[in-house]
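A quick write-up on the structure given underneath.
The values are calculated or read from the model by the stated rules, or taken from the named source; none is laboratory data. Computed from a predicted structure; not experimentally measured. Note that each Cβ is placed from the backbone with ideal geometry, even for glycine, and that neighbours are counted across all protein chains shown. Just so you know, the surface numbers come from the protein's heavy atoms only, side chains and all, with ligands and any DNA or RNA stripped out. Shrake-Rupley method; radii C 1.70, N 1.55, O 1.52, S 1.80 Å.
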Amino acid sequence: MNKKVLSLLGMAFIGCAVYAQEKTQDSVAVEQLETVELDTKFKLDREKSGKVIYKITQKDLEKVQGQSLAQTINTVSGIEITGARSNQGRPLSYRVRGGKNNQVVILIDGIQVNDPSSIGSEFNLNLIDVNNIESIEIIKGGVSTLYGAGAATSVISITTKKATDKKVAGTVFMSTGSNRAVVTDKYELNTANVGANINGTINKFTYFAAVSTENAKGISAKRSDDDSVVYEDDPFERENASIRLGYNFSEKFNVTTFANYNKASNQYDNSWAPIDVFNEAVTENVQFGLNSEYKYNKGNVVVNAIITETDIARSSSYKQEYSSNTIVMDLYNKYKFSKKLWAVLGVNFQEQKASQAGGFSSLTPVYTKDDTKITLVDPYLNLTYFTDFGLTVNAGVRMNNHSKYGNHFVYSINPSYNFEATDKLNVKVFATGSTAFIAPSLYQLYGPYGDEDLDPQESIGGEAGFELNYNKKYRLSVVAFHREEQNKLNFTNLYDNLGNWIGGTYLNLEDDNIKIQGLEVETKLVLAKNLDLNANYTFTQFESDPVLFDSNELNLEVAKHKANANLSYVLKEKTNLSLAYQFVDDRFAYGGSRLDAYKLVNFFISHQLTDNLELNGSLTNVFDEDYQEINTYSTLGRNYKLGLRLKF
C-alpha cells in the first residue's frame, strides 16, 4: 500500500514542480495549433472539439522507437491492453474504460477492421508493424453514431504512412536486441526487425510499397511456478507487405487502392494447465480496399471500402482452424451549410461470415460461413453547430440495421463551451451523452460455447470535463465518465455437483446491474526549450448487484489506479532522449487471486548521425521489475534494442 501511495504522490509532485517553473519559460517556442478529426469527421482545431482526443504523432512515435504498437497505445489514459507486456503473439485484450474487446472499434486509414471469428470480433494489433504507422488518433467514450456497432468505449484510428511529394523516396530500417523475462539472466540477441519502403509522386500518380519482418524468441508464454525452472522458448514471427497506388484525377477527385498482407506465427502454452507444451498458431490476414474523395463547393464525398480474409490455424493435441471474411464500405458526404453548421450524412455497410473446425486427428466443422453470414446497413447523420460566443453542439443519430437483431437506434449529443479566460488561458468545458448497440460476435453465437439466443448488449454513458490550454505550451484535461450496460455479454464456467468443470457458455448478464465510472487526467507541458512532459492518471471503478455476481468477475485485469509519464528532451537538435514511467495498481485475475501493483521505467534514445541516417536505442524495464501482467504468464524483464534508420 505504501508503494502505491508513494507512486501516486510522486506523479503529483512532478506536476506541481512543473508549474512552479512557469516564470522561467519565456524562451519556449509556441506550439503549432493541433487539429483533430475523429469526433466530427471534419478537421477541427482541438480547442473547438467537444472531446478530449489523444493524438500520437510521427514525432511521438520516433521518441519511443523499440515499443510495439500495443505498448505505445497502452500509455494513453483510460486504456489497458493486457498482453502488451507479455511474450509477443499473446492475444491482446483491449480494456478501455473498463470495457472489453467488443466495445472498441479499430480503424486503419479510416476503415473499420475486425475478425468475426475471434471472440469479440476484434482485430489483432500484433499483426501491425509500428514502423509503417504515421499517426494514431484515439477518442474515448461512446461514438457509435459515427463508427457503428461496438464503438461503446473507444475508437482507435491508425493512419499508415503515405507517399511523399518526391518522385522517389524511401526508408530502410533494422533493429535487434534482447528478449528476456525477469527470471532469465541471459541478454542474448533474440529479436530482429527489418523493413523498407519506397514511395513517391510522379505527376498525378502516387505510390507506396513496404515490406518488413520481425522475429523474437527467448521467452516462454507461461511462467513456471518454480523460478529455478525455465520453460522453453515460444518464438514469434511476423511478416508484413503492403502497396498503395493512387491517382489524382484533378484537385477535386482522387482514388487510392491498396493491398495489405499480414502474417504472424507464434508458439503458445495452454491457458488451463500450468505446464510447458508445444502449441503453434499461424494467422494470415489479407486486405484489399480503396479510399476515394470528391470535393465540391461546400463539401466532400468520401468512399472507404475494404475486403478482408483472416485465417487462423492452431496446432496442439486438439487442432483448430478459424476463417472469416468481411466486407466494409463507408460512404458519407461532408457538407458545410455555413461557417456555423456542418453536417455528415452517410451509410455504412458490413458483411461478416466465419467458420470454425476442430478435432484431434481430423477436423470437423463447428460452424460454416454459410451458417453465420450477417449484414449491417447503418444510415447515420451528424451535425456540428458553432455559435459566435464559444458554444459548440455536436450531435448524431444512427440506425443500426442488423440482419439478425433488426433495427436499433443510437444517439449522441456533445455540447462544449470554449472561452478565453485571459489573453493566454483558453478554457474548454464539455459534456457528452451517448448510447451504443453491440451485437454478439459470430463466435459467441455459433462457437462451441455459443448461444444463438443471445441478446445484443446495449449501453448508455456520459462524460463531463474541462481542458485548459495556457499560452499553447501547457495543457491540462480532466474527464469524469460513467457507463451503464444492459444485457452484458459474459463467459460463465459451468461445474457439476462435485465442483468439476464441465464446460462454459456465453450469456447475457441481468439488465441494469453493471456500472463503470472513473476519472482521467492528462497534462502536456513544455518545461523548457526542447524539454517536454506528458503525464496522465486513470481511476476506474466497477459497480454491480452483489446478489447476482461479484464485481470482481467484471474488472479482471483492470487496475483501479494507473499512471503514465514521459519526459523527453532534444539535445542540440540531433539527439532525442525520453524517459517513460508507468504505474499499474493491483487488480483481480482469473481464479479470484489478485496481481500485485508494479512500476516500469523505460528509456529511449535516438541520434541523427547524418541528415539521412539515424541511430536509435531503448532500455525497457530499466530496474528489471518482477511482476505479472496476466496470472501464470511470463512478462518482459529488462531488455535493450539498437536500431538504424536510413532515409533517402
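For the reader, a short list of remarks on this structure follows.
- Residue ID - surrounded by the most Cβ atoms within 10 Å (Cβ to Cβ), chosen from residues in region 555-585 that are among the aliphatic types (A, V, I, L, M) and closer than 30 Å to I514 by Cβ: V558
Residues are listed down the side, and each one gets a yes or a no for (1) hydroxyl-bearing (S, T, Y); (2) in contact with a strand residue (DSSP E or B) (Cβ under 6 Å, 6 or more places away or on another chain); (3) closer than 24 Å to I106 by Cβ; (4) at pLDDT 95 or above:
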{"site": "S317", "(1), (2), (3), (4)": "yes, no, no, no"}
{"site": "Y322", "(1), (2), (3), (4)": "yes, yes, yes, yes"}
{"site": "D330", "(1), (2), (3), (4)": "no, yes, yes, yes"}
{"site": "K334", "(1), (2), (3), (4)": "no, yes, yes, yes"}
{"site": "V347", "(1), (2), (3), (4)": "no, yes, yes, yes"}
{"site": "A354", "(1), (2), (3), (4)": "no, yes, yes, yes"}
{"site": "D371", "(1), (2), (3), (4)": "no, no, no, no"}
{"site": "L383", "(1), (2), (3), (4)": "no, yes, no, yes"}
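- Test: S93 is open to solvent by less than 10 Å² (accessible area, probe 1.4 Å) and small (G, A, S): no
- Per the listing Y207, Y231, the residue uniquely in a loop (DSSP other than H, G, I, E, B) and either surrounded by 20 or more Cβ atoms within 10 Å (Cβ to Cβ) or touching a strand residue (DSSP E or B) at 6+ places or on another chain (Cβ under 7 Å) (or both) is Y231.
- Checking each residue in region 117-131 for being of a type in the set (S, T, Y) and crowded, with 24+ Cβ neighbours inside 10 Å picks out S117, S121.
- Of the residues making up region 132-154, one or more are touching a Pro at 6+ places or on another chain (Cβ under 9 Å) and open to solvent by less than 30 Å² (accessible area, probe 1.4 Å).
- For the criterion of being out of contact with any Gly (no Cβ under 9 Å at 6 or more places or on another chain), of a type in the set (D, E, K, R), at pLDDT 95 or above and in a strand (DSSP E or B), E467 passes.
- Residues within region 600-622 that are more than 20 Å from Y569 (Cβ to Cβ), of a type outside the set (A, V, I, L, M, F, W, C) and open to solvent by less than 60 Å² (accessible area, probe 1.4 Å), tallied: 1
- Test: F349 is part of a strand (DSSP E or B), aromatic (F, W, Y) and exposed (fewer than 15 other Cβ atoms within 10 Å of the Cβ): no
- When region 213-228 is limited to residues that are open to solvent by 20 Å² or more (accessible area, probe 1.4 Å) and at pLDDT below 95, the one that is nearest to the chain's Cα centre (by Cα) turns out to be K217.
- Residue match in region 55-68 (condition: within 27 Å of E485 (Cβ to Cβ) and not charged (D, E, K, R)): no
- Selection status of Y335, surrounded by 15 or more Cβ atoms within 10 Å (Cβ to Cβ) and of a type in the set (S, T, Y): yes
- Only a single criterion out of (1) in contact with an Asp or Glu (Cβ under 7 Å, 6 or more places away or on another chain); (2) buried (at least 18 other Cβ atoms within 10 Å of the Cβ) is not satisfied by K488, namely (1).
- Residue within region 117-129 that is under 25 Å from N394 (Cα atoms) and not basic (K, R) present: no
- So L468, is it surrounded by fewer than 21 Cβ atoms within 10 Å (Cβ to Cβ), closer than 30 Å to D60 by Cβ and either touching a residue at least 12 places away in the same chain (Cβ under 8 Å) or not aliphatic (A, V, I, L, M) (or both): yes
- Residues that are of a type in the set (A, V, I, L, M, F, W, C), open to solvent by less than 50 Å² (accessible area, probe 1.4 Å) and assigned to a loop (DSSP other than H, G, I, E, B) occur in region 161-170; there is at least one.
- Sole residue being closer than 30 Å to K369 by Cβ, of a type outside the set (V, I, T) and out of contact with any helix residue (DSSP H, G or I) (no Cβ under 6 Å at 6 or more places or on another chain), chosen from F249, F288: F288
- Filter pass, K59 being closer than 30 Å to F419 by Cβ and either open to solvent by 10 Å² or more (accessible area, probe 1.4 Å) or at pLDDT 95 or above (or both): yes
- Among (1) at pLDDT 95 or above; (2) out of contact with any Phe, Trp or Tyr (no Cβ under 6 Å at 6 or more places or on another chain) - the single one S416 does not satisfy: (2)
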